[in-house]
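Student: Can you keep this structure in mind? I'll have questions shortly.
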Amino acid sequence: MKIVNDKIALAELKQMAQSKFGNFVKAVIDVERKLMIIDAELHADEEALLIEQGSKQADLWGINIYPELGKDEWIEFDSMINLRPSQGNRTRGVDNPDIRGKIIQVVNNLIKT
């Protein structure tokens, strides 16, 4: 697992994707701290490490990044950690458009293309 709070090269993401799942990497985004953790088998493992590092669970959202796709298509909002009825999120996606926007901004700011 790798915490990204500065830039990561798109080429490095592609290598991670190929070595684990083939065409994507799992990531958890902290929308308040504006960082992400990538390259684990489970979003839950990434979430746990970020919580240990001071993140709040309410700020963490699981996604998949497909580095071979363009910026308009490379984020898939799908993770079991996103199921949070107490926060009004009743799906594996990210139902709140404002939170989706924050996630997109963090991801696009951290990936160096």
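A short reminder: the numbers here are calculations on the coordinates, not readings from a lab. The shown structure was predicted, so the numbers you read here are calculated from the model rather than taken from an experiment. Glycine also receives a Cβ, built like all others from the backbone with ideal geometry; neighbour counts cover every protein chain displayed.
Student: Step through the table entries K14/K56; K2/K71; K34/K112; K34/K56, compare each Cα-Cα distance with 19 Å, and write down the pairs that go over it. All intermediate terms of the calculation are to be shown ahead of the outcome.
Tutor: Values: K14/K56 28 Å; K2/K71 21 Å; K34/K112 15 Å; K34/K56 12 Å.
Those over the limit are K14/K56; K2/K71.
Student: Using helices alone, what [θ] at 222 nm do you get for the chain, with -39,500 (n - 2.57) per DSSP H run of 4 or more residues, divided over all residues and rounded to the nearest 500?
Tutor: Per the formula, -9500 deg cm²/dmol.
Student: Okay, moving on. Could you give each residue of the range 98-103 its phi-based ³J(HN,Hα) in whole Hz, using Karplus coefficients 6.51, -1.76, 1.60 with θ = phi - 60°, and x for Gly or Pro?
Tutor: Per residue, the Karplus-derived 3J(HN,Hα) values read 5, 5, 4, x, 5, 4 Hz.
Student: Can you tell me the order of 80-90, 97-107 when each peptide is scored by its average per-residue count of other Cβ atoms within 10 angstrom, highest first?
Tutor: 97-107, 80-90
Student: About the Cα centre of the range 2-112, how large is the charge dipole given +1 on each Lys and Arg Cβ and -1 on each Asp and Glu Cβ? Please answer in debye to the nearest 20.
Tutor: Charge dipole of the range 2-112: 160 debye, to the nearest 20.
Student: What residues qualify as long-range amide H neighbours of I8, i.e. H under 5 Å apart, gap of 5 or more or another chain, H built at 1.01 Å from N?
Tutor: The answer is I111, K112.
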